[in-house]
Every structure is written in C-alpha cells, then in structure tokens.
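Visitor: Before I ask anything, let me first share the structure, which is written out below as structure tokens.
The values are calculated or read from the model by the stated rules, or taken from the named source; none is laboratory data. Since this is a predicted model, take the numbers as computed values, not measurements. When we count neighbours, we look across all protein chains shown, and the Cβ atoms used for this are built from the backbone with ideal geometry, even at glycine.
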Amino acid sequence: MGTGKDSWGRRSGEVSPTFAVDSEGALIPDGSASSPLSKFRETYRLATASRDWLVFLRQSRSGRDSRSQAALVGDLQSFAIPDLIGFLAQSRWTGVMAVSGDAWERRIVFKEGEVRAAYSDVQREQLDRLLVRLGYVDLTVVEDIAQRVPQARLGRALVEQKILASHDLFRCLKEQIAEVFHGIVTSSAGSFCLVKQPIDDVSHDYNLALSAQGLLMDSIRRTDEAAHFRTKIPHSAVVVSRVKVPNADDVTQDEALVFSKVNGRRTIAELGKETRQSEFDTTKLVFRLLEGGYVQVALDPPVPKEEFPKEGPERIVEVYNSVFRAIREAVLHGRNASEFSKAANAGLQAHSVSASPVLEGLSFGAAGDLDSPSVLLRYEKLQSAGRLGADPLRSLARSMGDVTLFLLFEAAGNLSPESEEALSMEVKRLQALLDTP
C-alpha cells in the first residue's frame, strides 16, 4: 500500500500549507517552523494566471523564457493526458503543452489544434540522435555540425550542406514528433502545464502541421501492438537470422527489404538503421516475418564461425579481398606504399606467391584487392577442368592464404611494430570469419 501522502508530504485530509506575499513581494510560509518549500530547491518561474492562482513552473534546463500564461496545470497520476489532448485538438487550441518528470521534459506545440513541433531533453528523442539511429547521418558528422549550429537549426544545416535530403528531414521530423508525443501519452508520473502562447512566440525552426488526433490514435495503437510484439521480441537487441526465403507474393515490400538485410548478426536496432525504419516499425516487420516462419530471433549473437558459414567460392573471395584491402590500408599509413604495390603485383605475375593456377593473370587493383569476377571465372573454369583437385574450395582458400602471407611479409618493412601487430590481429579476425580448412 502507498503512504497516502502527496508531493508536499501531507496525508489525506491534512490542511495545505499557506503562504503570504509581503510588501516587497517575498513569499513567506505562514505559521511554519520550516518552510515546506525546502524540498523544492530548484529554479522556478512565475507563470501568468488568474489573480486567485500563483503558478510556478520549474525552469527547464534549456532556459526558455517565461512569456506565457498558464491555462491549466495538473498531475499525470490524476489526469488522463490522452483525454486532454483530444480536447485540445477538438477545441483547436493554440499554445504549448509542457510535461515534466523527475529527469525529463517534453513539450508539444499546438496551433489551432494541430501539432506544429515537439521538443524533448531525452537524448534518444532529439533530432540528432534520431538521424543517427535511422541511418541517415553518421554520429561524427552530426557532432561536428552541432558544434557550429544550435540544435534547432541542425536539420536545416544538414540539408543546406547537402548531407541530408529535404524529404528525409521531413520524414525524420515527423518521426521525432511521434516519439515525443508517444512519450507524453505513455507517461504515468510527473506534471503537465498548458501554456497559452501565440505560436509565433515559440522558438522552433520547422513548421509542420500534424493531426493531434492522428498522433494520439497512433500512440495508443503503438502501445497495444508493442505489448503484443514483446511476447516474442523482448527488446531491440535480439539478433535476427534467416530460416527460409519467402516468395515475393507472400511478403510486403517493407518486409522484403528487412529480410534482405537479415544476416544472422544484425539486431532489430541495426536492421532499423540499415533500412531507415524506426525501432517500432522494424520490430513490427520482423514480428510478421517471424510469424511467417521466415526468420528466428536469439537474445545473444552466435559465435563467429556460426555468424559466417561457408557459402562457397564467392564468400572465400569476398573475405580474402577484405584481408587484402586491410593490408593495403595499413601500408598506406606507412612508408614506400607505391613500392609495396609494385612488389605485390610482381609476386603474382612471377607465380612466386602461390602455385595455384587460380591466380594466373591476375593483379591487385587500386584498392589493394583482386577483381572478384575474374577470380571466380577462373575458379569455375579450373574446377570444371578438374585442375583444382578433389577439394576445389580448399585449393582456392589455400591460394588466398598464400597471397595473404606474402602481402604481410611485404608490408612488414613499412609498418611500426605496433602497427604490424595490429594488422596481424585484424587479418586473423577476418580469416576467422570463414568456416574453411
């Protein structure tokens, strides 16, 4: 059972503390040895209200100004926020709804009952983090631009610098508003305040007009569906792997896109970033694929050999080209990079690197790797002719391993001991991705 006390520490039926405003405008507790305000040691601002009310709003960390009139204040535990939002939409209200908890604040800007903007000091709900989470911008890019422009101008700055398309910004802003809105609707503790304020007085850089009723219905639907999804997908860190390939007519376009990114290593959150879908939408799509028997989920990622099963010559060439590029990249930071390239190609052409006929006539490209189609074409011809022995895959992997040893030998003279050790570890990591002899 609860304590039966409110935020002032009063039990049910106890008289509220009283205060007097003295001639100098100071607020004085009346008839109390210690001020009941002592537990509220923060900065507050006085909001305009009727003469019968003094309404103090806790100053947000963003330091917004107080040119506002408090129209309604209340506690989330005693007032249904969805009902209030529905009323604001129907009455075509203009102003700001501010909802605060112990460590967060969210604000929704209304104009004539429509939602025009949303703000939150919850980090994952801020535009910069959402852009990164949806895979539109790298975190380093966002952090660099955020040092030069205010948060409210971040999206515009990305568009102006042609890093982000205007229509993508619009989509991300809509998703941000939906997330902040959902956070408000699902909040069960805290307080709210309706601030009557002309929309032009609100400092925001974007001017959307979204249906508050539509956002409300979407939020309620999201809550119900999320509870259903969590019965099989407990969180966004689960790893998704394939079970069978669906027929094109059996899945939607979005489901097919998500399935195409499933590789047995990516989590729900990572799939969302790859497909530029919100976490909720990605979870919903994976859930449908799960029900169709096309994918399965696991709480922990599989071990490396299970992550990258042997898939044939294409996979061997792909992995070893990653090795060759890694060696080339390491050498670029050392000395005599051009000499390294010449020596690598000379070794291939002289057939001194490997005795395998797969490598005949090949050379390293500018990126330091071999031309995959050329390698695979030679492999197919030699395999058909029976020139790769009883185990052609083993022969291909062995020849690629021989090339790796040669390149590491050539690279050693261009690297510091520390760089050489780091490169060796990276090569071993990449080679371990193959389940080959």
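For every residue, the table says whether it meets (1) of a type outside the set (Phe, Trp, Tyr); (2) modelled with pLDDT of 85 or more; (3) under 15 Å from residue 191 (Cβ atoms).
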{"site": "65", "(1), (2), (3)": "yes, no, no"}
{"site": "71", "(1), (2), (3)": "yes, no, yes"}
{"site": "86", "(1), (2), (3)": "yes, yes, no"}
{"site": "105", "(1), (2), (3)": "yes, yes, yes"}
{"site": "113", "(1), (2), (3)": "yes, yes, no"}
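Visitor: Kindly provide the set of residues from region 244-261 that are of a type in the set (A, V, I, L, M) and under 17 Å from the mean Cα position of the chain (by Cα), ordered by number. Steps first, please.
Guide: Residues of region 244-261 that are of a type in the set (A, V, I, L, M), as a first pass: 245, 248, 251, 256-258.
258 - this is the single residue of region 244-261 that is of a type in the set (A, V, I, L, M) and under 17 Å from the mean Cα position of the chain (by Cα).
Visitor: Now for a different question. Filter region 293-311 for residues that are at pLDDT below 85 and assigned to a loop (DSSP other than H, G, I, E, B) and give the result.
Guide: Within region 293-311, 299, 300, 301, 302, 303, 308, 309, 310, 311 meet the criteria.
Every residue, every condition in (1) over 26 Å from residue 85 (Cα atoms); (2) under 20 Å from the mean Cα position of the chain (by Cα), yes or no:
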residue: 182; (1), (2): no, yes
residue: 185; (1), (2): no, no
residue: 189; (1), (2): no, no
residue: 199; (1), (2): no, no
residue: 210; (1), (2): no, no
residue: 221; (1), (2): no, no
residue: 228; (1), (2): no, no
residue: 236; (1), (2): yes, yes
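Visitor: Separate question: Inspect region 313-324 for any residue being outside any helix (DSSP H, G or I), at pLDDT 60 or above and buried (at least 19 other Cβ atoms within 10 Å of the Cβ) and give the result as yes or no. Step through it out loud before you land on a result.
Guide: If we filter region 313-324 for residues that are outside any helix (DSSP H, G or I), which is where we start, we get none.
For region 313-324, residues outside any helix (DSSP H, G or I), at pLDDT 60 or above and buried (at least 19 other Cβ atoms within 10 Å of the Cβ): absent.
Visitor: A follow-up question, please. Looking at this structure, is residue 92 over 19 Å from the mean Cα position of the chain (by Cα), farther than 21 Å from residue 223 by Cα and part of a loop (DSSP other than H, G, I, E, B)? If you could, list the steps in order and put the result at the bottom.
Guide: Values: over 19 Å from the mean Cα position of the chain (by Cα): yes; farther than 21 Å from residue 223 by Cα: yes; part of a loop (DSSP other than H, G, I, E, B): yes.
In short, yes.
Visitor: Which of the following residues is at pLDDT 80 or above, out of contact with any helix residue (DSSP H, G or I) (no Cβ under 9 Å at 6 or more places or on another chain) and either in a helix (DSSP H, G or I) or not polar (S, T, N, Q) (or both): 408, 377, 388? I'd like the intermediate steps shown before the answer.
Guide: Numbers: 408 fails: out of contact with any helix residue (DSSP H, G or I) (no Cβ under 9 Å at 6 or more places or on another chain); 388 fails: out of contact with any helix residue (DSSP H, G or I) (no Cβ under 9 Å at 6 or more places or on another chain).
The conditions single out 377.
Visitor: Step by step: first the residues of region 419-431, then only those that are of a type outside the set (Ser, Thr, Tyr) and surrounded by 14 or more Cβ atoms within 10 Å (Cβ to Cβ), then the one that is modelled with the lowest pLDDT. Which residue is that? Break it down stepwise before answering.
Guide: From region 419-431, those of a type outside the set (Ser, Thr, Tyr) are 420-423, 425-431; that's our starting set.
Those still in the list that are surrounded by 14 or more Cβ atoms within 10 Å (Cβ to Cβ) too: 420, 423, 426-427, 430-431.
Numbers: 420: 74, 423: 80, 426: 81, 427: 84, 430: 82, 431: 81.
Filtering first and then ranking leaves 420.
Visitor: Okay, next question. Within region 342-370, how many residues turn out to be farther than 20 Å from residue 332 by Cβ and in contact with a Gly (Cβ under 9 Å, 6 or more places away or on another chain)?
Guide: Going residue by residue through region 342-370, those that are farther than 20 Å from residue 332 by Cβ are 349-362.
Imposing the further condition that a residue be in contact with a Gly (Cβ under 9 Å, 6 or more places away or on another chain) reduces the set to 349, 353-354.
Qualifying residue count for the region: 3.
Visitor: Cβ contacts < 6 Å: first residue surrounded by 12 or more Cβ atoms within 10 Å (Cβ to Cβ), restricted to region 60-82; second residue modelled with pLDDT under 55 and in a strand (DSSP E or B), any location; separation 6+ or different chain. Result?
Guide: Cβ pairs passing all conditions: 69/48.
Visitor: Sticking with this one: In this structure, is residue 434 hydrophobic (A, V, I, L, M, F, W, C) and modelled with pLDDT of 80 or more?
Guide: Working: hydrophobic (A, V, I, L, M, F, W, C): yes; modelled with pLDDT of 80 or more: no.
So residue 434 does not fit the description; no.
Visitor: For region 133-151: of the residues being in contact with a Leu (Cβ under 9 Å, 6 or more places away or on another chain) and touching a residue at least 24 places away in the same chain (Cβ under 8 Å), which is surrounded by the fewest Cβ atoms within 10 Å (Cβ to Cβ)?
Guide: Here the answer is 151.
Visitor: Also: Considering only region 339-387, state which residues are among the charged types (D, E, K, R) and surrounded by fewer than 17 Cβ atoms within 10 Å (Cβ to Cβ).
Guide: First, the residues of region 339-387 that are among the charged types (D, E, K, R): 339, 342, 360, 369, 371, 378, 380-381, 387.
Within region 339-387, 339, 342, 360, 371, 380, 381, 387 meet the criteria.
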